[in-house]
1. Test T111 against the criterion of being open to solvent by 60 Å² or more (accessible area, probe 1.4 Å), within 23 Å of F24 (Cβ to Cβ) and modelled with pLDDT of 95 or more, and give yes or no.
2. Looking at the structure I just gave you, is F118 touching a residue at least 60 places away in the same chain (Cβ under 8 Å), hydrophobic (A, V, I, L, M, F, W, C) and in contact with a Ser or Thr (Cβ under 6 Å, 6 or more places away or on another chain)?
3. Identify, by number, the condition in (1) charged (D, E, K, R); (2) open to solvent by less than 20 Å² (accessible area, probe 1.4 Å); (3) touching an Asp or Glu at 6+ places or on another chain (Cβ under 6 Å) that R151 doesn't meet.
4. Would you mind finding the one in D66, D112, D165 that is touching a helix residue (DSSP H, G or I) at 6+ places or on another chain (Cβ under 8 Å) and of a type in the set (D, E)?
5. Answer with yes or no whether N94 is under 18 Å from N206 (Cα atoms) and out of contact with any Cys (no Cβ under 7 Å at 6 or more places or on another chain).
6. What are the pairs, 6+ residues apart or on separate chains, where a residue within region 97-110 that is in contact (Cβ under 8 Å) with a residue 24 or more places away in the chain and farther than 21 Å from K126 by Cβ has its Cβ under 9 Å from a residue that is hydrophobic (A, V, I, L, M, F, W, C) and in a strand (DSSP E or B)?
7. Scan region 34-46 and report the pairs whose first residue is more than 19 Å from I190 (Cβ to Cβ) and whose second residue is among the charged types (D, E, K, R), with Cβ atoms within less than 7 Å and a gap of 6+ or a chain change.
8. Looking at (1) in contact with a helix residue (DSSP H, G or I) (Cβ under 9 Å, 6 or more places away or on another chain); (2) touching a residue at least 40 places away in the same chain (Cβ under 8 Å); (3) of a type outside the set (K, R), can you tell me which one H132 breaks?
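The values are calculated or read from the model by the stated rules, or taken from the named source; none is laboratory data. None of these values were measured; they are calculated from a predicted model. Neighbour counts are summed over all protein chains in view; Cβ atoms, including those assigned to glycine, are modelled from backbone coordinates with ideal geometry. The area values use the complete protein model at the heavy-atom level, side chains included, leaving out ligands, DNA and RNA. Shrake-Rupley method; radii C 1.70, N 1.55, O 1.52, S 1.80 Å.
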Amino acid sequence: MLAFFGRIFSKKPSEEQVDPMKKFLIAGLGNIGPKYHNTRHNIGFKVVDYLAEKEGVSFATDKLGDIASFRFKGRTFILLKPSTYMNLSGKAVNYWLTKEKIPLENLLVVTDDLNLNFGAIRVKTKGSDGGHNGLKDIQLQLNTSTYNRFRFGISDEFSKGRQVDYVLADWSLEEEKNLPERLEKAAELIKSFATAGINITMNTFNGK
């Protein structure tokens, strides 16, 4: 009997059962490797990197991606950077949703958007992939277009036929200067998503 109670009280917090409804998967999309690190297409990675640093946690390489996690106001945030490259992002997202038993409504995908001005924010609960290969694969793997996505504007300041070069290029000096404030806003949005809910988050942050 004493041994039984000893096992209970010696259990570490990380080993305790977490209510699946209080677990959230924040998937930042991007491409792995140094040459992609500071590119516009990797804003999803940059957002979750910023949030992890702000919360004092580090990423560790795991199956199909790098993972970090932290607790905030009773919620568990699992940050994911898929290692599958952008075009196969859905494989990693689907795996971690299943492994962690996270309901689909607790998924938030962070990605770049050419149709929004630099730094503009738009959160949606569903929609088309908009030609974005990462979102296209997520829709394919999850078999639905109804999942939360956080689009971060990178604008469309490129000439005809130069889209790929533009999204895979580094940020401009002006963009670099303004990124910290935008990343802070993104971190606030992600915490709001898990604590206040998707509808309040959309009303509070969209267009800000």
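1. Answer is no for this residue.
2. Numbers: touching a residue at least 60 places away in the same chain (Cβ under 8 Å): yes; hydrophobic (A, V, I, L, M, F, W, C): yes; in contact with a Ser or Thr (Cβ under 6 Å, 6 or more places away or on another chain): yes.
So F118 fits the description; yes.
3. With (1) charged (D, E, K, R); (2) open to solvent by less than 20 Å² (accessible area, probe 1.4 Å); (3) touching an Asp or Glu at 6+ places or on another chain (Cβ under 6 Å) applied to R151, the lone miss is (2).
4. Numbers: D66 fails: touching a helix residue (DSSP H, G or I) at 6+ places or on another chain (Cβ under 8 Å); D165 fails: touching a helix residue (DSSP H, G or I) at 6+ places or on another chain (Cβ under 8 Å).
One residue alone meets the criteria, D112.
5. Numbers: under 18 Å from N206 (Cα atoms): no; out of contact with any Cys (no Cβ under 7 Å at 6 or more places or on another chain): yes.
Taking the combined requirement at face value, the residue does not satisfy it.
6. E100/L25; E100/I78
7. What qualifies is N38/D170; T39/D170; R40/D112; H41/D112.
8. Exception for H132: condition (2).
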